[in-house]
Every structure is written in structure tokens, then in C-alpha cells.
Amino acid sequence: MPTSLRAAVDDSLAYALEAHNLSVEQIAELMSYGSFWTLYKHLADLNLKLTQVRAFEHACGIDLLSRYFAAGAGRLVIDIPTGRAANAEDMQALQLNINQAVGALLAFYSGKEGADATLAALTTSMTELAWHRENVRKSASPELQLEVTP
């Protein structure tokens, strides 16, 4: 999670270069900038237009600016996966993750567990709950099933 707008921009550019081998010039082209110098100036001044943020994130392949803005507003961001029918194993995994998160919280508050391990357990549980939340939300209008199971 970026701690500043500068870090969000720099980390996005670094990710684009490392993961997709994209330079700022190539990102500017993907964003349909007339000149890559314009993008350089906007990024240097941290003056990217709001309408260009999603295009920048899409070109870089990572959504660090959105995450930074959400965190700055005191919001938690969790990737919500696409839904599918839940089975007994999914429910057992959810229950196990929630129990582990509560155990990690108890251990953290008693000084027996570190913050990083506690945050990891909480994030795993929240992600699992978000998956089930999305399944329930989409139950009224299910998506086309493209996944074939043998």
C-alpha cells in the first residue's frame, strides 16, 4: 500500500516496467497522450487528471492510485473475485479462516503475535468473506457460467 501520492505513481511506473516491460513513453502511448512529455510533466508535478487515473492504472497494470485515494479516505480495499457456486469445502475454509483471524487477534492483543501475521490472517478472512458477499449479491442475476468442471 503506497504511503504517498508520489510513492503510488513511482511504484506504478516501477511495476509497469518490471511486470510488463513498459516505459513511460509506452504508457503514454497506451493512454493516447499526444506526447509522452505531457505525461512526464503530469507525473512529475503529480498533476494527473482525474479522468486519466484509470487509464494510467490500466496501462501500468496496477491500481495503486485508487488504493492510495481509498486509504486516504479511511476505506479498506479488497479485490472481489467473480462469484461461483459455493460448496461445503468453501464454507469450511471460510470458517477456518475466520477462526484463525480471531486467534491471531487474541494472540496479538496478548503480545504473542506480530502485527504482520495478524494483518495477513485478517486480510485472508476479509477476502474470503468478500467472495461470499459477492456470490450473495450476484444471486439475483447470476453470471454466465463459463467454467466447466468435469
task = Would you mention how many residues in segment 101-150 are open to solvent by 100 Å² or more (accessible area, probe 1.4 Å), modelled with pLDDT of 95 or more and in a helix (DSSP H, G or I)?
result = 2
note = How many residues of segment 29-40 are polar (S, T, N, Q) and in a loop (DSSP other than H, G, I, E, B)? The answer is 2
ask   = Which ones in segment 82-95 are of a type outside the set (G, A, S) and open to solvent by less than 50 Å² (accessible area, probe 1.4 Å)?
value = D90, L94
query = If only one of L43, L17, L48, L65 is in a helix (DSSP H, G or I), touching a Phe, Trp or Tyr at 6+ places or on another chain (Cβ under 9 Å) and more than 30 Å from K138 (Cβ to Cβ), which one is it?
reply = L43
key: Flag if D45 is surrounded by fewer than 13 Cβ atoms within 10 Å (Cβ to Cβ), modelled with pLDDT under 90 and acidic (D, E)   = no
remark   = Restricting segment 30-42 to residues that are surrounded by 13 or more Cβ atoms within 10 Å (Cβ to Cβ) and without any contact (Cβ under 8 Å) to a residue 12 or more places away in the chain, the one nearest to A8 (Cα to Cα) turns out to be H42
inquiry  = Looking at D79, D11, can you tell me which residue is touching a helix residue (DSSP H, G or I) at 6+ places or on another chain (Cβ under 9 Å), among the charged types (D, E, K, R) and part of a loop (DSSP other than H, G, I, E, B)?
reply    = D79
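The values are calculated or read from the model by the stated rules, or taken from the named source; none is laboratory data. Quick caveat: nothing in here was measured; it's all calculated off a predicted structure. Glycine also receives a Cβ, built like all others from the backbone with ideal geometry; neighbour counts cover every protein chain displayed. Just so you know, the surface numbers come from the protein's heavy atoms only, side chains and all, with ligands and any DNA or RNA stripped out. Shrake-Rupley method; radii C 1.70, N 1.55, O 1.52, S 1.80 Å.
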